[in-house]
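The values are calculated or read from the model by the stated rules, or taken from the named source; none is laboratory data. Predicted, not measured: the structure shown is a model, and the values here were computed from it. A quick note on method: Cβ atoms are made from the backbone with ideal geometry, for glycine too, and the neighbour counts reach across all protein chains shown.
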Amino acid sequence: MYIVGQQPVSVDRVSSGNVMNPIEENKQAPLSEEAQKISLLYRSVSILLWAIPLYLIFAVQTVFTDDWEVLFLGHLDLIGILPTTCAAAVAMYGMILMKRARVGNRLFRKEVGFFVWYLGAITTLSPFFYWFSQAPGAQILHVGRYVFSYFGTMVFLLCFVLLYSLIVLSGVVYKLVGMCDSTLKRNEAGMFMVFNSLVAAGLMLGLLLYQLIVSGVIVFGNLQPLCFYFSTRLHYLFVLCALVPTAVCVWWLGYIRRQIFRKILIGDLELKDVDADTVKPEQSEEISL
């Protein structure tokens, strides 16, 4: 007997006594190991693609704004620490997903693990952006004959870690491009990542000199009064220069995400296991061509 709206059951399946539930038949097969890895990698790159530029926007807005008192609690108004701290925590979650994906060789996975710790330090130090904007000269520290601002010193340390993390991120992006694309594209990414590292290293050196001059450790002519006078312009110049390597990394992260999505569409789930420190003979021949 047939029931309206219901498909008839096969006689062979009824006679054999092995009638399967249609819901069980429609269950998807478990993902393979390669599919799980590339899925985690895609999610990780997507999270980083949004979290990194948002962190830069929130950090600049927090440092140059002193009216975050949403709850009207003065310096105890902790609402100002949320934007940068949450963005850094989201970026750390993205890198944790990349670590769980376990793609690449042992050196790459070790580098990703170190980068997770860097992002953890950035997440911990990010509230000082807000506290420094509220009271930049509070909690003066006397170290010998030198005078330091506690909040200013912590922001300096945070910016130093951020610039070094850009160098580490450039290496991670470079290797990800090698896993997802050809050797020629990897070499192109390598040139941009070297440029990123040089800009970030130059900013680290300039930031260190500025901090030493402002704190009075380096005394040379009228440098200290000039640094105080042009401090706002120097801060904006620092942000503008830091924007360049950040934008380069974000662009290449978007390119990596498109390549991973393309691999998923065509069913090519295998990632190249490349070593950034060595070039194979066949790769050198391809470069020469």
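Worth a mention:
- Candidate set from segment 130-155 (those that are farther than 25 Å from residue 85 by Cα and assigned to a loop (DSSP other than H, G, I, E, B)); member that is modelled with the highest pLDDT: 145
- When residue 184 is tested against (1) among the hydrophobic types (A, V, I, L, M, F, W, C); (2) closer than 23 Å to residue 122 by Cα; (3) surrounded by fewer than 19 Cβ atoms within 10 Å (Cβ to Cβ), only condition (2) is not met.
- Cβ-Cβ under 8 Å pairs, at least 6 apart or on other chains, segment 140-159 side within 27 Å of residue 119 (Cα to Cα) and surrounded by 18 or more Cβ atoms within 10 Å (Cβ to Cβ), far side modelled with pLDDT under 65 and among the polar types (S, T, N, Q): 149/139; 151/139
- Wholly enclosed helices (runs of 4 or more DSSP H) of segment 166-274 bearing at least 2 residues over 28 Å from residue 36 (Cβ atoms) and at pLDDT 85 or above: 183-214, 231-266
- Only residues that are closer than 22 Å to residue 171 by Cα and without any contact (Cβ under 8 Å) to a residue 40 or more places away in the chain were counted in segment 250-272, giving 2.
- Output for segment 89-119, where each listed residue is among the charged types (D, E, K, R) and either in contact (Cβ under 8 Å) with a residue 24 or more places away in the chain or over 21 Å from residue 33 (Cβ atoms) (or both): 100, 102, 111
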